[in-house]
1. Going by the conditions given, is Val42 open to solvent by 70 Å² or more (accessible area, probe 1.4 Å), modelled with pLDDT under 90 and assigned to a helix (DSSP H, G or I)?
2. For the stretch 16-39, how many residues meet the condition of being open to solvent by less than 100 Å² (accessible area, probe 1.4 Å), farther than 19 Å from Arg52 by Cβ and not β-branched (Val, Ile, Thr)?
Amino acid sequence: MAVIRAVGEVVAWWAGLMLLWVVFISSVDTLEALVGGGAALVGALAARAARRAVGETSGEVR
């Protein structure tokens, strides 16, 4: 169950960050979409790691 929640969180972050990327780029071609997707994935993983780090320091374990 924890793995499903973790994957869901990363996918949600990725989708939000990818949406922001598409909004800021006026015309998106294949290469820009791949770069944006990769950058969004890195950002999503960093956001999950940061949220987990804050949760562990405050006594919560998720």
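The values are calculated or read from the model by the stated rules, or taken from the named source; none is laboratory data. The shown structure was predicted, so the numbers you read here are calculated from the model rather than taken from an experiment. In this analysis, Cβ positions are derived from the backbone assuming ideal geometry, glycine residues included, and neighbour counts consider all displayed protein chains. Heads up: the accessible areas ignore ligands, DNA and RNA and are worked out on the full protein's heavy atoms, side chains in. Shrake-Rupley method; radii C 1.70, N 1.55, O 1.52, S 1.80 Å.
1. no
2. Selection size over the stretch 16-39: 11.
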